[in-house]
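The values are calculated or read from the model by the stated rules, or taken from the named source; none is laboratory data. Just so it is clear, the model here is predicted, and its values are computed rather than measured. Note: ideal-geometry Cβ built from the backbone for every residue, glycine included; neighbour counts use all protein chains shown.
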Amino acid sequence: MSRIATPGDLVKLRDRLNAKRNAKATWLAVCAGTGCRACGAMALADKFEEEIEKRGIGDKVGVRRTGCHGLCERGPMVMVQPAGESYFGIHPENVPAVLDQVETGKGDVEQFRYLDEEGGKRVSKLSDVPFYKHQNRVLLENNLWGDASSIEDYIALGGYSALAKALTEMTPDAVLNEVKEAKLRGRGGGGFLAGRKWESVRKAEGEPKYVIVNADEGDPGAFMDGSLLEGTPHSVLEGLILGAYAIGAAEGFIYVRQEYPLARKHAQLAIDQAREYGLLGEDILGSNFSFDVKIHRGAGAFVSGESSALMSAIEGHVGEPRPKYVHTSEKGVWGKPSCLNNVETWANVPHIINKGAAWFKGMGTAESTGTKIFSLVGKVKNTGLVEVPMGITLRDIIFKIGGGVPAGKQFKAVQTGGPSGGVVPEALLDLPVDFDELTKVGSMMGSGGMIVMDTNTCMVDTARYYIRFLAHESCGKCVPCREGTRQMLNILDRIASGEGREDDLGLLEELAEFMQAASLCALGQSAPNPVASTLKYFRDEYEEHIREKRCRAGVCTALIAYEIDQSKCKSCGACQRACPAGAIDKGGKDGKVFTVVQEKCIKCGACFSACPDKFNAVTKVPALSIKR
């Protein structure tokens, strides 16, 4: 491929590529994101190609290995383009049936279509699936239409047109002002206005200046940035180049966490392809603007996602935060002005330049514009990635898109914003989801994690889980975070084990205030959120643990015991076979049904899980109710 020397060359190439794409009447878009790959998506794509060649229909039907389609609960997924028909849970042995349907419309594929539980009907079009029809997919849309590893697919879909527009029709100031006018807020957590940050770096004294992609997404249950970088790496790269042009940077970095091998692979491939096509390097598209990018692989530390810690890691030092009175916009990487935004923030920039600030502000709220990607996980029917306008309610995300809580359980709370976020109760389900509203109720947007919980969730245990994670990930540089998280964990462990004291709750609140006021970086300042929010909305559960030695959700093992209901036990022996401690024995009425020998029970729950649903003979009871 010869270098693209001018914007005109880019347009001509796009026309040729689209003619090539349109030569095939049908394309099969196989989701090849990490989740679907784990379910065998690559073998599925191989089987489609093999069967297409065998049938001799390669001139009509093609296969694309795309980015994540979003509905991870139902993978592997395939979408037939341009018809828009979708299939879920497809495996290699199902390929002939799908191709029969594509060729003749008579394939046996009904069982692979989405089942709409409300209507009781199978849905064939992806756009009619409730999970998708209530979204507004701007950033994730190309994940359905382009091969994740192909720059040609990205260009065919309009890629790098924003860069061409900026370099030929706009000054750096004009690009900067468009981003400012759009009110794009950083999607990585703090929600700081991207345009204002860019302007600070642009005006800062010192050369060279750097632009950086933060792909160190370490929140448990979150995979938004990873999926974007896997599925459309060129959109992130194009946004970074535009930012560099606006700021006046000649070099950039993509900081990718160690645990994202596919995202790192695709990001490097995108960089190599962009260089080959003349979209990185010297005199991009015939302009006087030159820019290049390197990838820095993270070492797995959660705290390295903090801006100054990430920049220290790029320099080769330990990823520890720096004092906040030194702004990274003035003294970042190697003491030079540096602009850091996360993956999703950069990916928004090409859309803003192409379609304008007014278009972007037409989505979302007055102060939180555009769309936001969330990883919707936990106790919800449809787990996966969702992209929605800012300002949508939690209720709409969880129930309209997510399908609500499965197995007839009742919704209890949703945790937003990652491990440093807060827990939002059912009473606040109609809360608009944006940066400011979530902060008001003690949670945060964070990078977009959203974990749904049902009534089987213990709030004390939930707070303990997140504090344990944060205590482990604290860099230890400042006392408030290092010691505060450990002391919080000690208190929560004590409460969960039935040894809590009446003054523990006041002590937790005092620790939370101290950490928020005195910690060095955002990790320590926000670390108390899980405790503070659960205390605010679920204080009665803490009090039950302390005063009654009872865990209403039956989660804290020190406070529960397992019993077998003698009237329901059918002596099937499933519980005895599952028990690893030999704690199930014959007893009870006439020695014909099973009982739990409490002295031997290790409270693993194996008997509870093994008991057939039709019997429900094994139950959880408060430990204090057991007579020994």
Quiz prompt | Failed criterion for Gly191 (all others in (1) surrounded by 16 or more Cβ atoms within 10 Å (Cβ to Cβ); (2) assigned by TED's automatic domain parsing to the domain that holds Ala244; (3) at pLDDT 95 or above hold) | solution = (3)
Quiz item: Failed condition for Asn616, given (1) surrounded by 15 or more Cβ atoms within 10 Å (Cβ to Cβ); (2) in contact with a Lys or Arg (Cβ under 9 Å, 6 or more places away or on another chain); (3) within 25 Å of Gly408 (Cβ to Cβ), with all others met?
Solution: (1)
Exercise. Kindly provide the set of residues from the range 53-97 that are assigned to a loop (DSSP other than H, G, I, E, B) and aliphatic (A, V, I, L, M), ordered by number.
Key: Ile57, Leu71, Ala83, Ile90
Quiz prompt | Wholly enclosed helices (runs of 4 or more DSSP H) of the range 107-183 bearing at least 2 residues farther than 20 Å from Arg64 by Cβ | solution = 130-133, 161-169, 172-182
Quiz item: Considering only the range 198-227, how many residues are in a helix (DSSP H, G or I), buried (at least 24 other Cβ atoms within 10 Å of the Cβ) and at pLDDT 95 or above?
Solution: 2
Quiz item: From the residues in the range 345-393 that are assigned to a helix (DSSP H, G or I) and in contact with a strand residue (DSSP E or B) (Cβ under 6 Å, 6 or more places away or on another chain), which one is surrounded by the most Cβ atoms within 10 Å (Cβ to Cβ)?
Solution: Trp346
Exercise. Identify, by number, the condition in (1) over 30 Å from Gly305 (Cα atoms); (2) within 25 Å of the chain's Cα centre (by Cα); (3) buried (at least 16 other Cβ atoms within 10 Å of the Cβ); (4) outside the structural domain of Val349 (by TED's automatic domain parsing) that Leu157 doesn't meet.
Key: (4)
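Let's see how each residue does on (1) hydrophobic (A, V, I, L, M, F, W, C); (2) in the same structural domain as Thr393 (by TED's automatic domain parsing); (3) at pLDDT below 95; (4) crowded, with 24+ Cβ neighbours inside 10 Å:
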site: Pro419; (1), (2), (3), (4): no, yes, yes, yes
site: Gly422; (1), (2), (3), (4): no, yes, yes, yes
site: Val433; (1), (2), (3), (4): yes, yes, yes, yes
site: Asp436; (1), (2), (3), (4): no, yes, yes, no
site: Lys440; (1), (2), (3), (4): no, yes, yes, no
site: Ser447; (1), (2), (3), (4): no, yes, yes, yes
site: Met450; (1), (2), (3), (4): yes, yes, yes, yes
site: Arg464; (1), (2), (3), (4): no, no, no, no
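Condition check ((1) surrounded by fewer than 21 Cβ atoms within 10 Å (Cβ to Cβ); (2) of a type in the set (Gly, Ala, Ser)) across all residues:
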| site | (1), (2) |
| --- | --- |
| Val11 | yes, no |
| Ala19 | yes, yes |
| Val30 | no, no |
| Gly35 | no, yes |
| His69 | no, no |
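Quick check: anything in the range 226-237 touching a residue at least 24 places away in the same chain (Cβ under 8 Å), over 30 Å from Gly70 (Cα atoms) and of a type in the set (Ser, Thr, Tyr)?
No, that holds for no residue.
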Quiz item: If you take the residues of the range 393-417 that are among the β-branched types (Val, Ile, Thr) and within 16 Å of Thr534 (Cα to Cα), which of them is modelled with the highest pLDDT?
Solution: Val414
Practice problem: Would you be able to tell me the number of residues in the range 278-300 that are assigned to a loop (DSSP other than H, G, I, E, B) and surrounded by 21 or more Cβ atoms within 10 Å (Cβ to Cβ)? | Solution: 3
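Can you name every residue in the range 249-261 that is touching an Asp or Glu at 6+ places or on another chain (Cβ under 8 Å) and either closer than 15 Å to Gly159 by Cα or crowded, with 20+ Cβ neighbours inside 10 Å (or both)?
Step one: list which residues in the range 249-261 are touching an Asp or Glu at 6+ places or on another chain (Cβ under 8 Å), which gives 250-252, 255-257, 260.
Residues satisfying the conditions are Gly252, Tyr255, Val256, Arg257, Tyr260.
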Exercise. Please find, within the range 535-572, the residue that is modelled with the highest pLDDT out of those that are within 14 Å of Thr462 (Cβ to Cβ) and aliphatic (A, V, I, L, M).
Key: Leu535
Quiz item: Somewhere in the range 566-580, is a residue of a type in the set (Gly, Ala, Ser) and either closer than 30 Å to Leu505 by Cα or assigned by TED's automatic domain parsing to the domain that holds Arg501 (or both)?
Solution: no
Exercise. Please give the number of the condition Gly119 fails out of (1) modelled with pLDDT of 95 or more; (2) more than 27 Å from the chain's Cα centre (by Cα); (3) in the same structural domain as Glu51 (by TED's automatic domain parsing).
Key: (1)
